[in-house]
Structure formats: C-alpha cells, structure tokens
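Asks: The structure that follows is given in the form of structure tokens.
Please treat every number below as a calculation from the coordinates, not as lab data. Only a predicted model underlies this, so the values are computations on that prediction, with no experimental measurement involved. All Cβ positions, even for glycine, are placed from backbone atoms using ideal geometry, and neighbour counts span all protein chains on display.
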Amino acid sequence: MGTTTIGVSIAVPEPYGRLLQDRRASFGDPAAFAIPTHVTLLPPTEVAREELPGFGRHLSRVAADGRPFTMRLDGTATFRPVSPVVYVRIAEGGAACGELQEQVRSGPVARELQFPYHPHVTVAHGIAEDAMDRAQAELAGFAAEWTASGFALYEQGRDEVWRQLRVYPFGTEELPPLPHQHAAAAGRPTRLPRPVA
C-alpha cells in the first residue's frame, strides 16, 4: 500500500486563517498556500497507509475525551536563531494544545519531537532575514480569539500541499470509516505544519 506523510493540527478559523495565510505569502514565504494556518499537534510524519485506520481510531478516542477550549492569539515572537521561524503567539489555549499533542503522539503513530513542544502559528519560515523581521514587526499587533472544537488529520500530497482527511470533533467518537483512497490531487489546501517547533 505504500507510505504517506500525515500530520494533525488545529485549524485557525476564518477570517483569521486566510488573513494570516495571505500575510505569510506577502512576506515571500513560498509555503504559504501549501500549509494553511494551523497549530500543530503532530508534525509531518511518514506512515504506512495500512496504519491509517488504526491511527484514525486512536484520534477518535482522543477527540471523544476532549472538550472545547478557548484559543487566543496575541502578538508575535521568533524561534531565531535556533530555527528560522516567526510566529504568532498563543496567549491562551497553549496548555490544552500541549495535553492534546501528548495524547495524539501516544497512539500507534508515535514520534519524538525535534524541539520541545511550543504551540504557535507560523507566519514566516526559512525566508530572508529582512522579510522575517518585517513579518515579526507587521503582525506584532495581531490578535484573535475563538473556541477550538476539535482537530483534524491531514495528508501531504505529491504536490507538497496539505489536505484535510478528516475532522475529529471533541466529545464524540462516532465517525465514518477512513477512506481507503485519498484524492491527493483534489480539494482545497488545508491547514498543516512543518516540523519546526
């Protein structure tokens, strides 16, 4: 059946998601429209396709135990010089994200993190230093708030665009079976991470 690259994240909803995606593109980040706006729970991870159903059941159980929580974004920061990333800070909801990512990574798709987990929303990655500086300065006043009501599983297509496979709402475990075939070339790009935090 081969392998595929997956990830799990919490989407930043509209209008904030598209706004930050557009701003990321305006700073010259070529990944802006391939990796829509998100908070990572599981970084990009290569798995055998035959593992997906079991991982999907694990995610269903994690979601069933979860409860909605407030997410609040406020201002910017950077991981430089350790990692070439500028991000929007999570002012509220970070602890809940930390607990969720531990639960997600405790199942059949386990992986170690490159860096200690630090929930954030990337707005520039791996671009020129002056563009990174501009991203950090121009979004310093950005703020947003919403209720996180679940998370989603994503797959990276051959075109390196991330697309949503399934949403896992908090408080329910009743979901349809994971599709056997993934239309990797179809659909709108959706929110996923790079393994940079």
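Asks: Would you mind calculating the relative contact order of the range 8-99 from Cα pairs under 8 angstrom and at least 6 residues apart, reporting the percent as a whole number? Don't skip to the end; give the middle numbers.
Replies: Working: 76 pairs, mean separation 19.5, N = 92.
In percent, rounded to a whole number, it is 21.
Asks: Return the Cα extents of the chain along principal axes one, two and three, sorted largest first, each rounded to a whole Å.
Replies: Here the Cα extents, ordered largest to smallest, are 45, 34, 30 Å.
Asks: Please report the relative contact order for the range 3-169, taking Cα pairs under 8 Å with a sequence separation of at least 6, and give it as a percent rounded to a whole number. It would help to have the intermediate numbers written out before the result.
Replies: Values: 303 pairs, mean separation 54.0, N = 167.
32 percent.
Asks: Within the range 58-158, which trypsin sites (Lys or Arg not before Pro) sit in a loop by DSSP and count at most 11 neighbouring Cβ atoms inside 10 Å? Walk me through the intermediate numbers first.
Replies: Values: sites: Arg61, Arg72, Arg89, Arg105, Arg111, Arg134, Arg158; in loops: Arg105, Arg111, Arg158.
Here the sparse-neighbourhood loop sites are Arg158.
Asks: Once the other residues with Cβ under 9 Å from the Cβ of Val123 are scored (Lys, Arg +1; Asp, Glu -1), what is the net sum? All intermediate terms of the calculation are to be shown ahead of the outcome.
Replies: On the way: positive: Arg23, Arg24; negative: Asp29.
Local net charge: +1.
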